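For reference, the structure discussed in these notes is given below.
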Amino acid sequence: MSRPSSSALQIAHVVLRALILLNWIYGAIVLAILVGMFAAPQWTLTALGLPLSAQSGLLLFGMRGVAALGLAGVPLNLSMLKRLVAMVQTVRAGDPFIVANASRLQAIAWILLAQQMLSLVIGLVGKAVSTPRHPLHLDAGFSPSGWLAVILTFVLARVFAEGALMRQDLEGTV
């Protein structure tokens, strides 16, 4: 059975580290936008090309909610990325089927579930504050592939747990 190339694992490690940095940058940008929506709401609406109207208050409230929910995604992303980095390190060490990786995958599955729920809430908020005159188009809501990823990750976590148990059993018999 062939082993994964060390260059692929090195690339995965570098990409995951870059994603951690980008997650922090994303969080800083969303926080700045959220602060701007409170500090200068009229300027924010104007910058987004939305004229002030009677419905601007509801739209601004919804946009603040979406930004706050987006900010809530930052620690979820960070937690998942750190677990993935730890898993890549165990694969690089040639020891992927360990109980810790099964636990990490289980945690990642729960994080993915939380992200899907967050996306549903963001989609609902966007739909609630969107009007024909001022439509708010968000790339959020129900994602079949996202929900499939949740299920697959829970299954993969169980596979890793079984693999770790089988490995322990095998080590005990040798």
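The values are calculated or read from the model by the stated rules, or taken from the named source; none is laboratory data. On a predicted model such as this, the values are computed, not experimentally measured, just so you know. Positions of Cβ are backbone-derived with ideal geometry, glycine not excepted, and every protein chain shown enters the neighbour counts.
Selection of the range 53-97 for residues being among the polar types (S, T, N, Q) and assigned to a helix (DSSP H, G or I) yields Ser56, Asn77, Ser79, Gln89, Thr90. Scanning the range 1-39 for residues that are over 23 Å from the mean Cα position of the chain (by Cα), within 23 Å of Ala72 (Cβ to Cβ) and either outside any helix (DSSP H, G or I) or modelled with pLDDT of 95 or more (or both) yields no hits at all.
Residue pairs whose Cβ atoms lie under 6 Å apart, separated by 6 or more positions or on different chains, with the first residue in the range 90-104 and on the phi < 0 side of the Ramachandran plot and loosely packed, with under 15 Cβ neighbours inside 10 Å and the second among the hydrophobic types (A, V, I, L, M, F, W, C) and modelled with pLDDT under 95, are Val99/Ala164. Taking first residues from the range 140-153 that are more than 14 Å from Met117 (Cβ to Cβ) and partners that are small (Gly, Ala, Ser) and in a helix (DSSP H, G or I), the Cβ contacts under 7 Å between residues at least 6 apart in sequence or on separate chains come to Thr153/Ala109. Taking the conditions (1) surrounded by fewer than 17 Cβ atoms within 10 Å (Cβ to Cβ); (2) over 30 Å from Ala164 (Cβ atoms); (3) of a type outside the set (Asp, Glu) in turn, Leu59 satisfies each one other than (1).
Taking the criterion of being out of contact with any helix residue (DSSP H, G or I) (no Cβ under 7 Å at 6 or more places or on another chain) and surrounded by 12 or more Cβ atoms within 10 Å (Cβ to Cβ), the residues of the range 136-154 that qualify are Ile151, Leu152. Cβ-Cβ contacts under 6 Å between residues 6 or more apart (or on different chains), taken from a first residue in the range 7-20 that is more than 14 Å from Val91 (Cβ to Cβ) to a second residue that is assigned to a helix (DSSP H, G or I), are listed as Leu19/Leu81; Ile20/Leu81. Answer yes if at least one residue in the range 119-140 is modelled with pLDDT of 90 or more, over 30 Å from Gly49 (Cβ atoms) and not in a loop (DSSP other than H, G, I, E, B), and no otherwise. For the range 119-140, residues modelled with pLDDT of 90 or more, over 30 Å from Gly49 (Cβ atoms) and not in a loop (DSSP other than H, G, I, E, B): absent.
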